[in-house]
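Comments concern the structure below.
The values are calculated or read from the model by the stated rules, or taken from the named source; none is laboratory data. Computed from a predicted structure; not experimentally measured. Because the Cβ atoms are built from the backbone with ideal geometry, glycine has one as well, and the counts that use them run over all protein chains shown.
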Amino acid sequence: MMRSNMPELNLLRIFTLFSSIILLAFVDAVQAQFTPDGDIHAVVRADGRAFIYHGEEIPLSHGFNVYRKIEDAEWVLLTDEPIYPVINGYEFERQLGETYSLLSDLLNTDSPQSAFLRLRSNSQTGLLASFTMPEVAQAVGRLYIDEEAPLGQTASYRFEIVDDLERPIGQVIEGRAALNPLYPPAPENPEIEHEGSRVTARWSYVPATNQDSRNVIRFQIFYETEENGPVKAHTSFIARTDQQTDYLYSFDVPETDIEYTFSIHAIDFTGQLSEPSERITVAITNNIAPDRIANVRAESTDDHLAFVTWPVSPSLRLEGYNIYRARNDEEVYAQINETLMEPLQTVFVDSTVEPGTQYRYSITAVDSLGNESERSNPAHVLIIDYRIPDPVSVFESRIMQDGAVSLNWNTTEVPAGLRNYLLLRRQIQPQSGISFTQVNSGPLTDTTFVDRGIGGQFFTEGATYEYGISVASNNGSYSDTVYTEITIPDITPPEPPTLFRLAMEDGQRVGITWNASEDTDVTEYVLYRNHIESGRDTLLSAFSTGTRYFRDEMVRIGESYEYRISAVDSLGNQSEFRSDSITTQLKHPPAPVRNVQVAYMNNSVKVVWEDSDSGQVAGYKIYKAEVATGIFEYVGEVAADSREFIDEEGNAGFWYKVFPVDSSGREARTAKATQAIEIASRAF
């Protein structure tokens, strides 16, 4: 089979292209009907016509003959004469007719010639247009319609390319396809709603995986009236998109106040329409209500009336206004006018309100067709009641057994009705701010209240609190505030200091530091010292709250002491002790020994040395290693008054170090390594 030398563009690429631009992917359909060695794709409509597509570009001024054969039969010429595609944009526009305007929108071109060139360029948009509009595919020579296709069989088709003199140029486009009719299913679940002449249609369609609908690419909505048959409701391209099953589209109808019957069709890329969806008949009326009224205002007068005003509605068919009122913020609106207010009457005086009550007002405009606008903005007004309630009397407080504070009071008559008691508290000694805290979090109408303290959990012991109470009436007025005071007993010891630290200073004395207690009523700190060896306990001193340091010089080096400190509050309550222990020691470890000599004689090693700091030394430790740079191991120790050591297991060549040790066990920081030398006993 001869192949075309035109740019290669098989149908598989074309239909994959559709998927990349979000229209339904036709890849599955092509794979089912397209063979790898061909460049033909066939779509058979329910009326028996087979739409035979190819993906090649026909050279300008060239045409084609079409042949068909079944299995091994001979090729049959289907065209009486060659088919020639259009050769310029103006011829292209003339051949498409009404379809050209839809195509022009799709291609976004400004002239027929530019649209024509876009389609011949094999661009994504051009290919999309060719394979979604049969008229376009025919115009550019990419489609032949077989009116007498052998349905149910597999046929081969051949496009033979000819020049402008109808002579074959030796190039063919050839392929095989199964000729099985496919009818797209109808859209489902249609719904129609409208606002005036603006209609919105909703529907659903089977998913893209449905095989019967694999060639459906768009939808068309129709409407009809009693006087006119079906009319296209739009010229726009409503694309069927991948992964989508629910659709919505809005359009305008030419008239209102008549009935329309709407239906929705699915369309495949041959232009074949499905059966219509369920038909829906709707009376399209002028149901557009007047515009919502804004800037509604309401005021309270001195004689307890509500004065409501609003601007005139601009609606041309205005019939009047309705007045709606609600009490407070919870109540729903209720219409309070029995007849419509006149169009120019934009003031309403409500004499049925109650003093001390808040109201919301809203206005609607109504036209001559009975359409009512949305309610206006709410206009709030409080019908002010200026009466002030009397304060409570006999306001008392006492401490309960569980530490809570019981509050009691008497009240007088409240003219506008009692809404709530406002109970306040603040700490005045020691002062903790000047603002009051509201004690009752919810409504309080009883004449007793039990306060369990800060956060409902505690009071500060030893502190004095001031309580205030005021009467709130239903008109929003408050009485004068009445006060009482109470002091909370202090029975809890304070917390000890938060930090207690001991440290040797100059190798002679103990420095003691501590942080303050967390309690605010601490008056002093007491410090004790216990000599651990003797058990003798001593009160060192009592310190004011501003002191955080003490230096104990009455200690002896090398002995152990325990120190304890506690906090004492203003009522004499003493906290638990915070303690720490220390063993006194000099600041620096002993100095290294001098003049170390090591000799091997009489089958043992003798080590001798001289002391450098005998006053600090409590003993000596001896270490040895086989090499000077090796690991030295402990071999023994002697008392402070000794200056020699015998290693019975030593040998000549071993290395030794001598470390002086003080009473706290600290060794000298360094020691010199000395090697054992074999000598005669009388020489050492």
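Filter the stretch 171-203 for residues that are more than 38 Å from the chain's Cα centre (by Cα), among the aliphatic types (A, V, I, L, M) and surrounded by 16 or more Cβ atoms within 10 Å (Cβ to Cβ) and give the result. Val172, Ile173, Ala177, Leu179, Leu182, Ala186, listed by residue number. When we screen Glu533, Glu576 for residues that are surrounded by fewer than 12 Cβ atoms within 10 Å (Cβ to Cβ) and assigned to a loop (DSSP other than H, G, I, E, B), the only hit is Glu533. Just checking, does the stretch 396-407 include any residue being over 30 Å from Val312 (Cα atoms), without any contact (Cβ under 8 Å) to a residue 40 or more places away in the chain and in a strand (DSSP E or B)? The answer is no; no qualifying residue exists.
Screening Glu8 with (1) at pLDDT below 50; (2) buried (at least 20 other Cβ atoms within 10 Å of the Cβ) gives one miss only, at (2). Across the stretch 655-670, what is the number of residues that are in a loop (DSSP other than H, G, I, E, B) and surrounded by fewer than 21 Cβ atoms within 10 Å (Cβ to Cβ)? Matching residues across the stretch 655-670 total 6. Can you work out which of the residues in the stretch 536-573 that are free of Cβ contacts under 8 Å to residues at least 40 places away in the same chain and not in a strand (DSSP E or B) is surrounded by the fewest Cβ atoms within 10 Å (Cβ to Cβ)? Selected residue: Gly546.
Suppose we keep only residues that are touching a Lys or Arg at 6+ places or on another chain (Cβ under 7 Å) and at pLDDT 90 or above within the stretch 369-393. Which one would you say is farthest from Asn474 (Cα to Cα)? Lay out the reasoning, then the answer.
At the first step, the residues of the stretch 369-393 found to be touching a Lys or Arg at 6+ places or on another chain (Cβ under 7 Å) are 369, 373-374, 376, 378-380.
Among the residues that remain, those that are also at pLDDT 90 or above are: 373-374, 376, 378-380.
On the way: Ser373: 35, Glu374: 32, Ser376: 28, Pro378: 22, Ala379: 21, His380: 17 Å.
Ranking the qualifying residues of the stretch 369-393, first place goes to Ser373.
When you scan the stretch 60-74, how many residues do you find that are surrounded by 14 or more Cβ atoms within 10 Å (Cβ to Cβ) and not in a strand (DSSP E or B)? First the steps, then the outcome.
First pass over the stretch 60-74, keeping only residues surrounded by 14 or more Cβ atoms within 10 Å (Cβ to Cβ): 62-69.
Now drop any that are not not in a strand (DSSP E or B), which leaves 62.
Number of matching residues: 1.
So, in the stretch 635-654, of the ones that are surrounded by 14 or more Cβ atoms within 10 Å (Cβ to Cβ) and not aliphatic (A, V, I, L, M), which residue ends up farthest from Pro592 (Cα to Cα)? My answer is Asn651.
Any residue that is among the hydroxyl-bearing types (Ser, Thr, Tyr), at pLDDT below 90 and within 24 Å of Asp446 (Cα to Cα) - is there at least one of those in the stretch 394-402? Within the stretch 394-402, not a single residue is among the hydroxyl-bearing types (Ser, Thr, Tyr), at pLDDT below 90 and within 24 Å of Asp446 (Cα to Cα). Just one of the numbered conditions (1) touching a Ser or Thr at 6+ places or on another chain (Cβ under 8 Å); (2) surrounded by fewer than 17 Cβ atoms within 10 Å (Cβ to Cβ) is not true of Ser435: (1).
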